[in-house]
1. Restricting attention to the range 576-588, which residues are surrounded by 15 or more Cβ atoms within 10 Å (Cβ to Cβ) and either of a type in the set (S, T, N, Q) or not assigned by the TED database to the domain that holds residue 534 (or both)?
2. Only one of (1) of a type outside the set (Phe, Trp, Tyr); (2) open to solvent by 80 Å² or more (accessible area, probe 1.4 Å); (3) modelled with pLDDT under 85 is not met by residue 506, so which one is it?
3. Could you tell me whether residue 292 is under 29 Å from residue 336 (Cβ atoms) and surrounded by fewer than 16 Cβ atoms within 10 Å (Cβ to Cβ)?
4. Pull up the range 256-288, narrow it to residues that are more than 16 Å from residue 358 (Cβ to Cβ) and part of a loop (DSSP other than H, G, I, E, B), then point me to the one that is most open to solvent (accessible area, probe 1.4 Å).
5. At pLDDT 50 or above, assigned to a loop (DSSP other than H, G, I, E, B), closer than 29 Å to residue 291 by Cα and within 25 Å of the chain's Cα centre (by Cα): is that true of residue 605 in this structure?
6. Considering only the range 91-116, state which residues are in a loop (DSSP other than H, G, I, E, B) and in contact with a Phe, Trp or Tyr (Cβ under 9 Å, 6 or more places away or on another chain).
7. Is it the case, given these coordinates, that residue 60 is under 40 Å from the mean Cα position of the chain (by Cα), under 19 Å from residue 127 (Cβ atoms), open to solvent by 60 Å² or more (accessible area, probe 1.4 Å) and in contact (Cβ under 8 Å) with a residue 24 or more places away in the chain?
Amino acid sequence: LPLQAYERRFPTCPLIPMFVASDTVNEYKSEDEAIHVIERRCKLDIDAPRLLKKIAGVDYVYFVQKNSLNRRERTLHIEAYNETFSNRVIINEHCCYTVHPENEDWTCFEQSASLDIKSFFGFESTVEKIAMKQYTSNIKKGKEIIEYYLKQLEEEGITFVPRWTPPVACKLESSTSHTRRPVSPAINIPDSATKEGLNNKEILNTSSSPSEPTAGTPDDKLDADYIKRYLGDLTPMQESCLIRLRQWLQETHKGKIPKDEHILRFLRARDFNIDKAREILCQSLTWRKQHQVDYILDTWNPPQVLQDYYAGGWHHHDKDGRPLYVLRLGQMDTKGLVRALGEEALLRYVLSINEEGLRRCEENTKVFGRPISSWTCLVDLEGLNMRHLWRPGVKALLRIIEVVEANYPETLGRLLILRAPRVFPVLWTLVSPFIDDNTRKKFLIYAGNDYQGPGGLLDYIDKEIIPDFLGGECMCEVPEGGLVPKSLYRTAEELENEDVKLWTETIYQSASVFKGAPHEVLIQIVDASSVITWDFDVCKGDIVFNIFHSKRAPQPPKKDSLGAHSITSPGGNNVQLIDKVWQLGCDYSMVESPLICKEGESVQGSHVTRWPGFYILQWKFHSMPACAATNLPRVDDVLASLQVSSHKCKVMYYTEVIGSEDFRGSMTSLESSHSGFSQLSAATTSSSQSHSSSMISR
């Protein structure tokens, strides 16, 4: 039965994302069907850095796998070796299934492998790590996958496979002849020829999967202990969805990759429909980058008004170990907060609360030794009245709910609404359509003092941490709220300017690009083979991105804001470094082909420098070309030009230089890829003199 389960992994296996395909190249069956030998050529998508694949000149790696089944001896021998780069790297793997000598219901599994790296373009240590990682993952995942197919056979009603018996003619022949029975060929792996050797032996109640191309996560963590400790109970298919989505992010997303727990939230929010989960996750990653949410806890301090009058805060944890957030909404002056701070500041504060919630979930997971991926929110509505139904305040609340629902799915484990007054149904009618159905199921609403009775607060929160204002003995440090003084109210113009300031206090810089006045950034390189990285968003208009090199430093820009070299504007600065008298090809040279970037696109890339000197990154206004057939512009060009007022473009950019000594040990730092937008449009440029890549996303 385990052997039948094993054969179900071919020609490809959805539980092994890196196993792309396989073809049968040779097959042999003996006349009595006791011996069955099949040889396959397997196509693997190895989890390796993109630049390493580019240098090696391959996207896939091919292995040859030979399976020798001996039904008479009840053994299965599996031999595998690499076909790709066989003159540089030698990989041999041997697996064997046998019947336990003392219990025929047990299957014994033995596995060994050897690795000998002769040379690999100077990346021998990197290849060794990748090979060891894949082999380790193979061992960890083998048993789980074959158990999945055993369960599949059981669901189909196949629970027993009769033992092989020789045909009648063969029985008669065996009684009069002592001819040696054929056995499957053995494999000899000399220990002296190996650079790394691994052995794995175990006795299984069912079986364990042999040499199979199993993909691991970037940290190779998806083993049973890791799942139980940090992710909870996952079926093989759910785990497969998680691995596939994470690998897709590695290939298409430049920047911070979410942790497994966060990716899992989006999969659960869409019932593990990987396409739907990928779409909302990509939209969320784009949103996080645009608003720099990853840095909000470290770079943004809430205004004093929020600290004094926002009646909410974290308060211990519930009985399940979830972080507990207490919100005294009835005591909060929502109108005063909106008038004093604006909608954007309130939204940003709520985002910081959610980011802190994610952080506390990670901490509680470590403390309690089990996965905790959501928090509990306790909302006290004592004091809620018609003042809270002020239309701009409700509008701000609805927008906050919409943003949180889209970017923090499956983070609310339970919502306890206490002391709901008569006006609450009106507010609930306005708010509930914007809340996901799965989230609404987590709401528990108590009117009056019902929360003190059976099925109330004590079922979810320990008595010793019930806040004092709810009749408990625990002092709660959540602010009491109260009316915001009208002296703190701001005008609409002040709030608008403040909103712009809030969202631009990031590591990104803002720059304006005018027709005839590009924005330029100077980067001095001392050591060749350093890496210049960039990440920018085209907020307005279309631009052309260039990279230049010069052996001499350009003159520093003039300080006067009205001069030709420096222009300041409310939307960002403008600096020009290349002197008007400089000649391209003489005073400076272009090291990359120009890259045209459209409004709304996000661009990330890197350039491995070949020479020391001065490199200039330039964002230049892109003029729409006229139609080739006539001198008249196209309709699309006219419409696009109308969107660019006063021939002005705007970009938000961030650049960084990575020293050669920093990236040689980690090839992933050179990867450039999509930002993770739901609709991707890529354009790649490269230079024969250097390794470079830029990716564009809409």
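The values are calculated or read from the model by the stated rules, or taken from the named source; none is laboratory data. As the structure is a computational prediction, the values presented were derived from the model and not from experiment. Heads up, the Cβs are rebuilt from the backbone with ideal geometry, glycines too, and the neighbour counts pull from every protein chain shown. Side chains are part of the model used for accessible areas, which takes the heavy atoms of the whole protein and leaves out ligands, DNA and RNA. Shrake-Rupley method; radii C 1.70, N 1.55, O 1.52, S 1.80 Å.
1. Listed by number, the list holds a single entry, 576.
2. Unmet for residue 506, out of (1) of a type outside the set (Phe, Trp, Tyr); (2) open to solvent by 80 Å² or more (accessible area, probe 1.4 Å); (3) modelled with pLDDT under 85: (2).
3. Here the answer is no, as residue 292 does not meet what is asked.
4. Checking each candidate, the answer is 271.
5. When the stated conditions are applied, residue 605 does not pass them.
6. Selection gives 100 alone.
7. Considered against the rule, which asks whether it is under 40 Å from the mean Cα position of the chain (by Cα), under 19 Å from residue 127 (Cβ atoms), open to solvent by 60 Å² or more (accessible area, probe 1.4 Å) and in contact (Cβ under 8 Å) with a residue 24 or more places away in the chain, residue 60 comes out as yes.
Yes/no matrix, rows are residues, columns are (1) surrounded by fewer than 21 Cβ atoms within 10 Å (Cβ to Cβ); (2) of a type outside the set (Gly, Ala, Ser); (3) in the same structural domain as residue 401 (by the TED database):
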{"residue": "308", "(1), (2), (3)": "yes, yes, yes"}
{"residue": "313", "(1), (2), (3)": "yes, no, yes"}
{"residue": "319", "(1), (2), (3)": "yes, yes, yes"}
{"residue": "325", "(1), (2), (3)": "no, yes, yes"}
{"residue": "337", "(1), (2), (3)": "no, yes, yes"}
{"residue": "341", "(1), (2), (3)": "no, yes, yes"}
